[in-house]
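The values are calculated or read from the model by the stated rules, or taken from the named source; none is laboratory data. Everything numeric here is computed off the predicted structure, so don't read it as measured data. Don't worry about glycine lacking a Cβ; one is built from the backbone with ideal geometry, like all the others, and counts go over all protein chains shown.
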Amino acid sequence: ALVGEYCKYTEDKKGSNYTYNHKIKCLRTFFNYLIKKKEYNIKNVWEGVTLKSEMPTNISISYQDFCDLITVVTKDGSSVKIGKTRRIMHKYWLTDVIQLKAYTGRRNQELFAMKWNMVKYEDDKPLYIESPNVKVNRLQNNFEEKDYQFAYIPVGTELLGLLNKLNLNENKDSDKFIIAPEIVNRETLEDQASKCFTFYAKKLGRPYSLRLKYLRQTYITSEALYFNDNGMSMQHSKYETTSKHYIDKKKIARKMVELDFRVFLEGREKTLQKDSPEMKKDLASLQSLDNQSDKSGEYRNRTDDLLTASQTL
């Protein structure tokens, strides 16, 4: 009875299906913890609750929608009444974080945790951002920096343009946050970013939904096309043996910069076709990177497909 009452209470809150499912999954996990770890002699009553349908997560945002989103974010008409409170949805940093998410593909928490000293250079040229993978570090209880796992984001043309606009040279190696450095409460920024993005996305009047998290899918989709859809990903951390132990992602990020990796090919003067000689040459260059470290052939049987990796989230 209590389970049914809680489910009805949650539904009456008019939250999204994602929110409803998240709450039920949390309760399932908590009861499993009590049963398995604390040896409570109880039944996990939440296992029998049917989860609600969710929209697919493999949705990307088109270049046109992306450009329109950047344009529509203005102060005009940004006041909205929520309950009894009137709020201003315009934030001066919103277009910056939209672009940063599109050009890095990182999760919201990581975007607002990014600092200028995470931008790594070679010959005084910014090559990649070394960003702690928050999700993986949390799951593996990596609380000390020496244990962190990182994502390596190539500073391509698009990302470099954004960083320059945000004063890259003046902030080089500083400990300041890249986005809204003066705001201490970063969790508040995360919450505001999603809500404000949704507000402006609705202003576009598209017959389909646009969400901030779709920009991560957009980046990963472009990355998959760049790697000829053979499984390599700079975003995910759950890899097959070869990629986990042998591929140097810093080298991959460096090469992606050299080959002018872009999220939105529409913004490039010359679009490389997937099967063009130029693209094949680029892919061959990427595959040769790891070969350079294998002179002895001791693990050649494990690295025949150098760019095979799981894309499990």
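Descriptive notes on the structure:
- You will find that of 33, 18, the residue that is loosely packed, with under 15 Cβ neighbours inside 10 Å and in contact with an Asp or Glu (Cβ under 7 Å, 6 or more places away or on another chain) is 18 and no other.
- Restricting segment 32-60 to residues that are in a helix (DSSP H, G or I) and of a type in the set (Phe, Trp, Tyr), the residue that is nearest to residue 8 (Cα to Cα): 46
- Look at (1) among the aliphatic types (A, V, I, L, M); (2) exposed (fewer than 13 other Cβ atoms within 10 Å of the Cβ); (3) under 15 Å from the mean Cα position of the chain (by Cα) and you find that residue 184 fails only one, number (3).
- Qualifying residue in segment 25-42 (condition: under 22 Å from residue 208 (Cβ atoms) and either modelled with pLDDT under 95 or not hydrophobic (A, V, I, L, M, F, W, C) (or both)): no
- Which numbered condition residue 139 fails, given (1) modelled with pLDDT under 95; (2) within 20 Å of residue 115 (Cβ to Cβ): (2)
- Flag if residue 12 is modelled with pLDDT of 95 or more and not hydrophobic (A, V, I, L, M, F, W, C): no
- Only listed residue being charged (D, E, K, R) and at pLDDT below 80, chosen from 176, 251, 202: 251
- Single residue of segment 1-26 satisfying the filter (hydrophobic (A, V, I, L, M, F, W, C) and within 32 Å of the chain's Cα centre (by Cα)) that is farthest from residue 47 (Cα to Cα): 7
- Residues that are more than 12 Å from the chain's Cα centre (by Cα) and surrounded by fewer than 17 Cβ atoms within 10 Å (Cβ to Cβ) within segment 91-114 comprise just one, 92.
- Residue 72 surrounded by 11 or more Cβ atoms within 10 Å (Cβ to Cβ), more than 29 Å from the chain's Cα centre (by Cα), within 29 Å of residue 217 (Cβ to Cβ) and at pLDDT 95 or above: no
- Qualifying residues in segment 168-181 (those that are surrounded by fewer than 13 Cβ atoms within 10 Å (Cβ to Cβ) and without any contact (Cβ under 8 Å) to a residue 40 or more places away in the chain) - the one farthest from residue 254 (Cα to Cα): 170
- Residue within segment 144-162 that is farther than 18 Å from residue 105 by Cβ, loosely packed, with under 11 Cβ neighbours inside 10 Å, touching a strand residue (DSSP E or B) at 6+ places or on another chain (Cβ under 9 Å) and not small (Gly, Ala, Ser) present: yes
- Test: residue in segment 161-170 that is modelled with pLDDT of 95 or more and within 15 Å of residue 263 (Cα to Cα): yes
- Selection count where residues are of a type outside the set (Lys, Arg), more than 14 Å from residue 79 (Cα to Cα) and either buried (at least 22 other Cβ atoms within 10 Å of the Cβ) or touching a residue at least 60 places away in the same chain (Cβ under 8 Å) (or both), scope segment 198-211: 4
- Counting only residues that are in contact (Cβ under 8 Å) with a residue 40 or more places away in the chain and more than 15 Å from residue 160 (Cα to Cα), segment 118-133 holds 1 of them.
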